[in-house]
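The values are calculated or read from the model by the stated rules, or taken from the named source; none is laboratory data. Nothing here was measured: the structure is a model prediction, and the numbers come from that model. Here the Cβ is made from the backbone with ideal geometry for all residues, glycine too, and neighbour counts use every protein chain on show.
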Amino acid sequence: MNKIEFADYIKYFIDKQVDLLALKGADYQQEGDALSNFKEIAVSSGRSPLEVWHTLMHKHLVAINNFVKGQELKCEGIESRLLDLANFALLGGALIKENGISSPYSSVLENYGRMKNLYGKALEKRNFLVLDEDDGGID
C-alpha cells in the first residue's frame, strides 16, 4: 500500500470509527456521560471503571487473536473488531484523562489537536500531487 492509499485508508477508517462510536455510544451512554457504562458495571461488580474497560476491551483482542490464528469470525468481521478496539483505546484514554491518572498516553491525548492539524496538512499536500505527463514523475 503506497502512502496515498494509506492516507485514504486512514480517512476511511477514522470516518467509520467515529460513526460506530456514535452509534454504539447511543446504546451505552446515560445522562450524557460517554463513560457511564464502565462506571455502572464497576459499581455492580466491585471493580474500577478502568478494570471494567480493560476486560471489555480484552474480548476484542481475543477475537482478533483468533482471527490471526486462522479462525473465522462469525459474529463480526475483523474490520468491525479493529474499529471496536480503536474506539476502546479512545474510551480508555478518556477514562484515564477523566480520573487524572498519570500516564505516558496523557501527552498524546493532550496533543490530539496538534496531530489532527498535521494530518489535515498531510492530506492537503496529497491533493496537490500530480503525475507529470512529460517525465512520468510526480510534481
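Here are the numbers:
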| quantity | calculated |
| --- | --- |
| Residue match in segment 36-53 (condition: at pLDDT 90 or above, farther than 20 Å from Leu20 by Cα and touching a strand residue (DSSP E or B) at 6+ places or on another chain (Cβ under 8 Å)) | yes |
| Verdict on Gly100 being modelled with pLDDT of 90 or more, exposed (fewer than 14 other Cβ atoms within 10 Å of the Cβ), in a loop (DSSP other than H, G, I, E, B) and at positive phi | no |
| Count of residues meeting criterion [under 21 Å from Leu23 (Cα atoms) and part of a helix (DSSP H, G or I)] in segment 64-94 | 17 |
| Test for Val68: is it among the aliphatic types (A, V, I, L, M), modelled with pLDDT of 65 or more, exposed (fewer than 15 other Cβ atoms within 10 Å of the Cβ) and within 30 Å of Ala7 (Cβ to Cβ) | yes |
| Subset of segment 25-40 [in a loop (DSSP other than H, G, I, E, B), surrounded by 11 or more Cβ atoms within 10 Å (Cβ to Cβ) and without any contact (Cβ under 8 Å) to a residue 40 or more places away in the chain] | Gln29 |
| Some residue of segment 3-19 being surrounded by 13 or more Cβ atoms within 10 Å (Cβ to Cβ), modelled with pLDDT under 95, out of contact with any strand residue (DSSP E or B) (no Cβ under 6 Å at 6 or more places or on another chain) and not in a helix (DSSP H, G or I) | no |
